[in-house]
Amino acid sequence: MDLKHLVPDYIQHYQSYVPSKPDQELKQLYGCPVLHRLNNNENPLGPPPAAQAIVRQFPPAKSAIYPSGDSYFLRVALAEQFGKHPEQFLVGNGSCEVISSVLKAFCERGDNIVTADKTFAVYEWVAEFSGFDRRLVPLKDFAFDDEGLLSQIDVRTKIIFICNPNNPTGTYWDRDRLIRFLNQVAGRCIVVLDEAYFEYVESNDVPDGLSLIDQYPNLIVFRTFSKMYGLAGLRIGYLAGSREVVDLVRRAYVVYSVNTIAQAAASAAVRQGEDHVLATRALMREGKAFLQQALNSLGLTYLCNAGSYVMIQVPLSDTLLYRKLMKRGLMIRTMTGFRFPNWIRVTVVGVDILQQLVDALAEELKPYSGL
Ligand SMILES: Cc1ncc(COP(=O)(O)O)c(C=O)c1O
């Protein structure tokens, strides 16, 4: 049966993303008994202890009961934490889910979104498979180019996506630059500020998007529990904005998508996650200092900025290096898909595992760089 006539053009031509195989399969495939995941920026410390206790103590009988359809108690916890109203939050099955809701709420055929060419690709993917145009502005000095983004806005531009700090380069706009940009956009379109890695930034100049949502009703901030709060496996993230903008996005959102354990664990993380944030930041500082020193002595070019990851330029195909490192039980992220051919991205983890990575790089790169 030919189903093609049922499918819009933009779906027919869209190539779906293939996630990596389960660890068990990969270990067999590459013949490695242990696999260290340095590919997804997961938190090596796991979730905060209070969130771990929620998962451990979850009464199995509660699995038969639907969760709160709008993550009521989590939104109350977020509102208290950030001094906002619960209606200013919309919780999703990972922040990836709320990306879709924002696009559905604001875009129709012929509209476009604007973002960078080398950033978190889901903004561009969702636009593409939803049939909207996407305009990709090249990074400038590895950072989002404000002038370039502004020059792409037209009457059909509905959303600008800014990843701050940017995944994968770790660069970010400071508060002044963001405010200047928001003033220049002047309410012409929605500005999404994806702060998936916000909690990792220790410098004072990083803008806190939540402090700007009341002043800029067209600003939407994304946050996730997948990174700093170590709940990636439970799939939970959220957006925040003015009540007006959140009410619009809510219309394009399917309720009950966030499960009970995720909601409760995230609430515990919000209320009792402070020590965990400090411990994770300390681990990041140690890991980054170690990597910088090691990569310098290997003579490699790298970007070690904000966020929980480091990008490294390598003298061979990133996909070939991926296979070589997999055989040694080290899973990194190839960057060709991010339009950075022959770069890899590595999650910062404990120094013991980073040492294994550095040793593996030294050996595998020897034939290529005369190390
Ligand atoms: C910049 C950025 N935004 C959003 C996400 C998605 O997060 P979630 O797991 O909440 O869907 C990621 C995950 O890698 C990310 O890097």
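The values are calculated or read from the model by the stated rules, or taken from the named source; none is laboratory data. Note that the structure is a prediction, hence the values are computed from the model and not measured. Positions of Cβ are backbone-derived with ideal geometry, glycine not excepted, and every protein chain shown enters the neighbour counts. Heavy atoms of the whole protein, side chains included, go into the accessibility calculation; ligands, DNA and RNA do not. Shrake-Rupley method; radii C 1.70, N 1.55, O 1.52, S 1.80 Å.
Among the residues of region 213-256, write down those that are more than 11 Å from the ligand (Cβ to nearest atom) and in a strand (DSSP E or B).
Passing the criteria: LEU219, ILE220, VAL221, ALA240, GLY241.
Working only within region 17-51, note down all residues that are without any contact (Cβ under 8 Å) to a residue 40 or more places away in the chain, within 22 Å of the chain's Cα centre (by Cα) and open to solvent by 50 Å² or more (accessible area, probe 1.4 Å).
Matches in region 17-51: VAL18, PRO19, LYS21, PRO22.
How many of the residues making up region 26-49 are closer than 30 Å to GLU274 by Cα and part of a helix (DSSP H, G or I)?
Qualifying residue count, region 26-49: 1.
Tell me whether region 122-134 contains one or more residues that are away from the ligand (no atom under 16 Å from the Cβ) and surrounded by 21 or more Cβ atoms within 10 Å (Cβ to Cβ).
Yes, region 122-134 has at least one match.
ASP174 versus (1) on the phi < 0 side of the Ramachandran plot; (2) over 20 Å from the mean Cα position of the chain (by Cα); (3) open to solvent by 10 Å² or more (accessible area, probe 1.4 Å): which is the lone unmet condition?
Only one criterion is unmet by ASP174, namely (2).
Which residues, taken from region 50-65, are in a loop (DSSP other than H, G, I, E, B) and touching a helix residue (DSSP H, G or I) at 6+ places or on another chain (Cβ under 8 Å)?
Result: PHE58, ILE65.
Counting only residues that are in contact (Cβ under 8 Å) with a residue 24 or more places away in the chain and more than 23 Å from PHE106 (Cβ to Cβ), how many does region 125-144 have?
The number of residues fulfilling the criteria is 4.
Report whether or not GLY329 is open to solvent by less than 10 Å² (accessible area, probe 1.4 Å) and small (Gly, Ala, Ser).
In short, yes.
What about THR157, is it assigned by TED's automatic domain parsing to the domain that holds ARG223, more than 19 Å from the chain's Cα centre (by Cα) and open to solvent by less than 50 Å² (accessible area, probe 1.4 Å)?
Answer is yes for this residue.
Can you name the number of the only condition in (1) at pLDDT 95 or above; (2) under 25 Å from the mean Cα position of the chain (by Cα); (3) open to solvent by 10 Å² or more (accessible area, probe 1.4 Å); (4) of a type in the set (A, V, I, L, M, F, W, C) that LEU300 fails?
LEU300 satisfies all of (1) at pLDDT 95 or above; (2) under 25 Å from the mean Cα position of the chain (by Cα); (3) open to solvent by 10 Å² or more (accessible area, probe 1.4 Å); (4) of a type in the set (A, V, I, L, M, F, W, C) except (2).
Is it true that some residue in region 195-210 is among the aliphatic types (A, V, I, L, M), assigned to a loop (DSSP other than H, G, I, E, B) and in contact with a Leu (Cβ under 6 Å, 6 or more places away or on another chain)?
no
Give the residue that is nearest to the ligand (Cβ to nearest atom), with candidates limited to residues of region 84-117 that are open to solvent by 30 Å² or more (accessible area, probe 1.4 Å), closer than 29 Å to THR260 by Cα and not in a helix (DSSP H, G or I).
Of everything passing the filter in region 84-117, ASN93 is nearest to the ligand (Cβ to nearest atom).
Quick check on my filter: what residues within region 235-278 are among the aliphatic types (A, V, I, L, M) and open to solvent by 60 Å² or more (accessible area, probe 1.4 Å)?
Of everything in region 235-278, those that are among the aliphatic types (A, V, I, L, M) and open to solvent by 60 Å² or more (accessible area, probe 1.4 Å) turn out to be LEU248, VAL254, VAL255, LEU278.
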